[in-house]
Amino acid sequence: MIEAIDPIVMQETALDVGEFKLIPALTVVAMLVLFLGVGYFFRVAAVDELWVAGRSIGSIENGMAIGANWMSAASYLGVASLVALSGYFGLAYVVGWTTGYFILLIFLAAQFRRFGKYTAPDFVGDRFYSDWARGIAAFTTLAIAFTYAIGQASGMGLMAQYIFGISYEAGVIGLMAVTIAYVALSGMLGTTKNMAIQYTILIIAFTLGLYAVGWTEGWSTALPYLEAGPQVAEAASIEAQFVEPFAAAGYYGWIALAFSLIVGTCGLPHVLVRFYTVDNERTARWSTVWGLFFICILYWGTATYAAFGGLLYDREVSGGDGFAQMLGIEADALVVLTAQLADLPTWLVGLVAAGAVAAALATTAGLFITASSAAAHDIYTNLYKDDATQREQMLVGRLTIIGIGILVALIGLNPPALIGELVAMSFAIAGTVFFPVFFLGLWWENTTREGALAGMLTGIALSFGAIVNDTVVPMYTGVDEAAIPAVATWLPGTSSALVGVPVVFTVIIVVSLVTDEPPQHVKRLVRQCHSPEPMSQMESAEDAAADGGTPADD
């Protein structure tokens, strides 16, 4: 676990955080000014622009936004560190986070767009004809956004400390303030435009750093991804777990983590809302294809960074004692640390760090948008005040962004786990609570309100209970192990979906079978989500059904 992060302690680690770096600082400041400028230029005045960008985003641009949304601090910084520290086990993150997109592409992307709402709780509330279901989904959305964003705040603090030479705490607060400002101003429309820019910055920074390390060390020339075999073998000779399957954790742990990340990908509200920003279901599918392509460009290099970084750490820092014992803070910044230990120019190391800032900002922006829509659209408007004006909804949405941003910054000052672990917890929640109701809601028209409610409550109990058991209790009580160790073994906070998803599926199906079938108009909505007829930009399944679409059998 990460204890309270003191800048003096940080200066004693391998990461050079002792001084202000002019060129990297100017690069980051220019980047932040650009993001604020784009946010102001595309500032929104209507709720459909605030939450779904007026359904005006094309497939390539949306794919880049998906990539930026996905390339969080956990992906940019954390995956390489997880592979370096855990070896084969760390690859579960790459496998899980990419495989989930294939499930999205085949089973969910087009169907969600055809349903045609604003948010994930919107889908749950209308599909299961229940304000209670909408409320539970909105609460879960806020919890996922909060947990996920804490990891991003941690990454921002680390990178600000490296670039500006300031304290970790000041870095978290400063960069979170910028994120809050431009997201509250621009909404989904400006945020999407910024995400395309952010993806361009982060992928250039990540790739240039990888190539530069390979060139300077004589390890690679054209394709470090394919030329790093000798370095992987050398890293494995130093730390056996680097390539040895299940050395760091058992077979069950690997499968549980990979499965949780796969289904979590399919349940994340800030990913699913990307399908609502496009004009039709075909564009939604192609957005997923492009997004997967852009994501794979970065993931292809994470294991190579882990090998390069591990060897450099062994040579330059530990003096031949290996790299598995590096501090958690060093591991979280391994991509930047690799560039630094390779003695690359300061400006280039700073560019790699700037890419991490862009990644954290992009993901945090997407999370804040989904949180604001859950609070303003699903809770305030649909559950509290049906006749809320657009001005009221936008005010509540922006206040939510400010509120959750402040809370995330406060918890981010003393995060309860590593960046990658925090993100994995949010995936476990999303997979356990949301994936079963999304999948069955779109593919089984007889899924009932009672079944969905019972399933979501079961999922919340399992996923939240697992996190409290093995993370929250040890973190805030000083105990070194989980409150109930046996439960943590089979139901870890980062991987609870392997047990949780089958249980929730079973609960939903059983309860649905013993309760009354959904109303006929709900069945029509489900069938319209699978209609072969093309749809117009603003059309939804509800519109098609009202116009006499595919009739439901009586």
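The sole residue among 66, 103 that is of a type in the set (Val, Ile, Thr), surrounded by fewer than 23 Cβ atoms within 10 Å (Cβ to Cβ) and either on the phi < 0 side of the Ramachandran plot or in contact with a strand residue (DSSP E or B) (Cβ under 8 Å, 6 or more places away or on another chain) (or both) is 103. Does residue 409 qualify as being of a type in the set (Gly, Ala, Ser) and part of a loop (DSSP other than H, G, I, E, B)? For residue 409, the condition - of a type in the set (Gly, Ala, Ser) and part of a loop (DSSP other than H, G, I, E, B) - is not met.
Quick grid of which residues meet (1) in contact with a strand residue (DSSP E or B) (Cβ under 6 Å, 6 or more places away or on another chain); (2) modelled with pLDDT under 85; (3) surrounded by 22 or more Cβ atoms within 10 Å (Cβ to Cβ):
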position	(1), (2), (3)
408	no, no, yes
411	no, no, no
424	no, yes, yes
429	no, no, yes
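Every residue, every condition in (1) out of contact with any His (no Cβ under 6 Å at 6 or more places or on another chain); (2) of a type in the set (Gly, Ala, Ser); (3) open to solvent by 10 Å² or more (accessible area, probe 1.4 Å), yes or no:
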| residue | (1), (2), (3) |
| --- | --- |
| 182 | yes, no, no |
| 192 | yes, no, no |
| 196 | yes, yes, yes |
| 203 | yes, no, yes |
| 209 | yes, yes, no |
| 218 | yes, yes, yes |
| 231 | yes, no, yes |
| 237 | yes, yes, yes |
| 240 | yes, yes, yes |
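May I ask you to verify whether residue 451 is within 21 Å of the chain's Cα centre (by Cα) and either among the basic types (Lys, Arg) or crowded, with 20+ Cβ neighbours inside 10 Å (or both)? Judged against the criteria, residue 451 is not a match.
Selection of first residues in segment 16-32 that are modelled with pLDDT of 85 or more and surrounded by 14 or more Cβ atoms within 10 Å (Cβ to Cβ) and of second residues that are of a type outside the set (Val, Ile, Thr) and in a loop (DSSP other than H, G, I, E, B), restricted to Cβ pairs under 9 Å at least 6 apart or on distinct chains, gives the following pairs, ordered by first then second residue: 25/165. There is at least one residue in segment 340-357 that is more than 17 Å from the chain's Cα centre (by Cα) and of a type in the set (Ser, Thr, Tyr). For residue 495, the criteria (1) more than 24 Å from residue 138 (Cα to Cα); (2) not in a helix (DSSP H, G or I) hold in every case but one, which is (1). Residue count for segment 143-174 satisfying the condition of being open to solvent by less than 20 Å² (accessible area, probe 1.4 Å), among the aromatic types (Phe, Trp, Tyr) and within 30 Å of residue 464 (Cα to Cα): 2.
Please state which of the following conditions residue 220 fails to meet, knowing it meets all the rest: (1) among the hydroxyl-bearing types (Ser, Thr, Tyr); (2) within 21 Å of the chain's Cα centre (by Cα); (3) outside any helix (DSSP H, G or I). Among (1) among the hydroxyl-bearing types (Ser, Thr, Tyr); (2) within 21 Å of the chain's Cα centre (by Cα); (3) outside any helix (DSSP H, G or I), the lone unmet condition for residue 220 is (2). Number of residues in segment 83-92 that are under 16 Å from the mean Cα position of the chain (by Cα) and open to solvent by 10 Å² or more (accessible area, probe 1.4 Å) equals 0. Among the residues that make up segment 129-147, is at least one of them closer than 30 Å to residue 339 by Cα and either hydrophobic (A, V, I, L, M, F, W, C) or touching a residue at least 12 places away in the same chain (Cβ under 8 Å) (or both)? There is at least one residue in segment 129-147 that is closer than 30 Å to residue 339 by Cα and either hydrophobic (A, V, I, L, M, F, W, C) or touching a residue at least 12 places away in the same chain (Cβ under 8 Å) (or both).
The values are calculated or read from the model by the stated rules, or taken from the named source; none is laboratory data. The shown structure was predicted, so the numbers you read here are calculated from the model rather than taken from an experiment. Counting neighbours? That spans all protein chains shown, and the Cβs are built from the backbone with ideal geometry, glycine included. Calculation scope for accessible area: heavy atoms of the full protein, side chains included, ligands and nucleic acids excluded. Shrake-Rupley method; radii C 1.70, N 1.55, O 1.52, S 1.80 Å.
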